[in-house]
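See structure below.
The values are calculated or read from the model by the stated rules, or taken from the named source; none is laboratory data. What you see is a predicted model; the values in this text were computed from it and never measured. Because the Cβ atoms are built from the backbone with ideal geometry, glycine has one as well, and the counts that use them run over all protein chains shown. Just so you know, the surface numbers come from the protein's heavy atoms only, side chains and all, with ligands and any DNA or RNA stripped out. Shrake-Rupley method; radii C 1.70, N 1.55, O 1.52, S 1.80 Å.
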Amino acid sequence: MQITGEMLIGRADVRGSAGTLEAFDPARGETLAPTFGAGTAQDVERACELARAAFDPFRSLPLAKRAAFLEAVAQAILDLGDSLLERAHAESGLPLARLQGERARTVGQLRMFARVVRDGHFLRATIDPAQPAREPLPRSDLRLAKIGLGPVAVFGASNFPLAFSVAGGDTASAFAAGCPVIVKAHPAHLGTSELVARAVRSAVQQQDLPEGVFSLLVGERAVGEALVAHPAIAAVGFTGSRAGGLALQRIAQARAVPIPVYAEMSSINPVYVLPEALAARGDAIARAFVDSLTLGVGQFCTNPGLVLGLAGDALERFCRTAAEALAAKAAGTMLTPGIHQAYDKGIARLASEPNVTLLGRGQAGAGYQGQAALFRTTAARFLATPTLHEEVFGPASIVIACDTLDEMIAVTERLEGQLTATLQLDAGDTDAARRLLPSLERRAGRILANGLPTGVEVCHAMVHGGPFPATSNAMFTSVGATAIDRFLRPVCYQDLPDALLPEALRDGNPLGLWRLRDGELSQA
């Protein structure tokens, strides 16, 4: 499939006229053809109005038809073959093996949401039948089901050109909810975005859906701002920097009708190496931690940016082993020149902090390659230095030496919201972990035991979210089956005739759903 440098607005290929953009190969240090045209305000308007017109027909489709569309998108992505992986590799510097896995995840989550749609549980169908003889007042017939919010704006992420981009988790869950999607392509993945967008549009056409179900826009910040501000947009999905997420949130809240922005932004994902585990297997934990830290050149939102342990000989040994393991790690190409520059600035900032010691570096690189770094400081210094709490996006982490468990808890109480928190513990650490757990529950969306945070399973129980600034709304996840809830709202139907009710709520249960009826689950 050819990359043309055009936007896809409904069924039309549109060449943007507000300037040009080019993708960049960070491994070779050169721009990639073709040149892309940036969209105008008129292009945003056209995409939004098409999405507005498509919303009611799309959300009214039978569940089986909506599920079939998601499966068609998955197959169309697979049908792109190696050309998709090769372009994503050129635009990101990510290894082909990593991208093969990411494509599988992208396809897998589309198919998972097809199953979610078919089973209908996401509708939360609830029926409280009429009680005309109830005293002192009768009860009306009340029935609840969820419907889609409306058209959703999705912003492609820099670090996942497939799984968090054009057909990634935000798009898949919005489609599953019955919401049209307009994607703003990430400027680092322009060709990849166009290829995937063409696959999505082919599925729209194959399933004979309204053209406004999907559009792809290209452009700089003005395009994204206009998209979020447009009154047809009902919600936003974003993965990126804290500054970017907050900027979109300000626009969304300044609208005449404010809308939710589901932004995943910033997390340092603390790892707690508790005393028994540290003494018994500190070397193994240190090596596994370094593997996690440097995975994907540290460009994961779940990268372990903080390690906490009790000061003593065992922590000293952990630090030596981690530094030795780090020294063997080759530098890797970072996603963009801007990300590489920001990473180097972050490392320089940490190195300049008083009472922060450099424990070790990975192997030096060239060009836009990131060299891993591990630092150490005390709990007292960390508590006194707010800048040490800030994420450095890349393979960098800080070991915090705590004098007591109480001090470790004090550090935890000062941490911002996190996507994850990890407990490395043995049987003798249970009481310490129990003391930490309430604070971790208040600060993290996912708590791990004896693992490492990199790697997010796409399943029903996953939570990939957390309190601010990990995300803008801790009530939701951007990964897993319940990600669909971000783009749904409940509607209660009172005394409506059966013929006017959604199928999920009709007498006789034509969809065969499990429904909450008079407070009890039933297929009646």
Review point. Given the structure, is residue 193 polar (S, T, N, Q) and part of a strand (DSSP E or B)?
Key: no
Practice item. Within region 14-34, identify whether any single residue is under 30 Å from residue 365 (Cβ atoms), at pLDDT 95 or above and touching a Pro at 6+ places or on another chain (Cβ under 6 Å), and answer yes or no. Key: yes
Revision key, fill the gap. Contact list, first residue from region 254-274 and open to solvent by less than 20 Å² (accessible area, probe 1.4 Å), second anywhere and among the basic types (Lys, Arg), beta-carbon distance below 8 Å, six or more apart or interchain, is 265/242; 266/242
Review point. Does residue 149 qualify as being more than 30 Å from residue 242 (Cα to Cα), modelled with pLDDT of 95 or more and open to solvent by 30 Å² or more (accessible area, probe 1.4 Å)?
Key: no
Practice item. Name the one entry in 163, 188, 174, 167 that is over 30 Å from residue 31 (Cβ atoms) and either buried (at least 24 other Cβ atoms within 10 Å of the Cβ) or in contact with a Ser or Thr (Cβ under 6 Å, 6 or more places away or on another chain) (or both). Key: 174
Practice item. Among what's in region 117-130 and is part of a loop (DSSP other than H, G, I, E, B) and not hydrophobic (A, V, I, L, M, F, W, C), pick the residue that is nearest to residue 180 (Cα to Cα). Key: 120
Revision key, fill the gap. Apart from one, (1) of a type in the set (A, V, I, L, M); (2) under 30 Å from residue 33 (Cβ atoms); (3) surrounded by fewer than 24 Cβ atoms within 10 Å (Cβ to Cβ) all hold for residue 137; the odd one out is (2)
Review point. Is it the case that residue 370 is touching a residue at least 60 places away in the same chain (Cβ under 8 Å) and under 17 Å from residue 298 (Cβ atoms)?
Key: yes
**Study point:** Criterion (in contact with an Asp or Glu (Cβ under 7 Å, 6 or more places away or on another chain), open to solvent by 10 Å² or more (accessible area, probe 1.4 Å) and of a type in the set (A, V, I, L, M)) met by exactly one of 76, 130
**Key:** 130
Review point. If residue 408 satisfies every condition in (1) part of a helix (DSSP H, G or I); (2) surrounded by fewer than 20 Cβ atoms within 10 Å (Cβ to Cβ) but one, which is the exception?
Key: (2)
Point to revise | Residues within region 431-462 that are open to solvent by 30 Å² or more (accessible area, probe 1.4 Å), out of contact with any helix residue (DSSP H, G or I) (no Cβ under 9 Å at 6 or more places or on another chain) and under 19 Å from residue 293 (Cβ atoms), tallied | key: 1
Check your understanding: Can you pull out the residues in region 463-474 that are open to solvent by less than 20 Å² (accessible area, probe 1.4 Å) and either out of contact with any strand residue (DSSP E or B) (no Cβ under 6 Å at 6 or more places or on another chain) or not hydrophobic (A, V, I, L, M, F, W, C) (or both)?
Key -> 464, 465, 466, 469, 471
Practice item. For residue 257, indicate whether it is closer than 27 Å to residue 436 by Cα and at pLDDT 95 or above. Key: no
Point to revise | Restricting region 198-250 to residues that are hydroxyl-bearing (Ser, Thr, Tyr) and surrounded by 22 or more Cβ atoms within 10 Å (Cβ to Cβ), the residue that is farthest from residue 339 (Cα to Cα) | key: 215
Exercise for review: Please work out which residue is nearest to residue 232 (Cα to Cα), limiting yourself to region 39-67 and to residues that are in contact with a strand residue (DSSP E or B) (Cβ under 9 Å, 6 or more places away or on another chain) and surrounded by fewer than 21 Cβ atoms within 10 Å (Cβ to Cβ).
Suggested key: 46
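Please specify each residue of region 482-524 satisfying the condition of being among the hydrophobic types (A, V, I, L, M, F, W, C), open to solvent by 10 Å² or more (accessible area, probe 1.4 Å) and closer than 30 Å to residue 164 by Cα.
Matches in region 482-524: 488, 491.
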Exercise for review: Looking for whichever is small (Gly, Ala, Ser), part of a helix (DSSP H, G or I) and under 30 Å from residue 509 (Cβ atoms) here; the options are 90, 114, 133, 145. Which one fits?
Suggested key: 114
Review point. Pick from region 338-371 the residues that are hydroxyl-bearing (Ser, Thr, Tyr) and more than 30 Å from residue 30 (Cα to Cα): which of them is surrounded by the most Cβ atoms within 10 Å (Cβ to Cβ)?
Key: 357
Practice item. Of the numbered conditions (1) farther than 26 Å from residue 162 by Cβ; (2) more than 25 Å from the chain's Cα centre (by Cα); (3) crowded, with 20+ Cβ neighbours inside 10 Å, residue 398 fails exactly one; give the number of that condition. Key: (2)
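If I ask for residues that are over 30 Å from residue 211 (Cα atoms) and in contact (Cβ under 8 Å) with a residue 40 or more places away in the chain, which ones from region 124-143 would you list? Explain how you work it out, then say what you get.
Filtering region 124-143 down to residues over 30 Å from residue 211 (Cα atoms) leaves 126-143.
The answer is 126, 127, 128, 129, 130, 140, 141, 142, 143.
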Exercise for review: Mind listing whichever residues of region 325-337 are part of a helix (DSSP H, G or I) and exposed (fewer than 15 other Cβ atoms within 10 Å of the Cβ)?
Suggested key: 327, 337
**Study point:** region 275-291, residues that are surrounded by 16 or more Cβ atoms within 10 Å (Cβ to Cβ) and in contact with a Leu (Cβ under 9 Å, 6 or more places away or on another chain)
**Key:** 275, 276, 277, 278, 282, 285, 288, 289, 290
Point to revise | Candidates 302, 321, 294 - the one that is in a helix (DSSP H, G or I), within 27 Å of the chain's Cα centre (by Cα) and either crowded, with 16+ Cβ neighbours inside 10 Å or modelled with pLDDT under 95 (or both) | key: 294
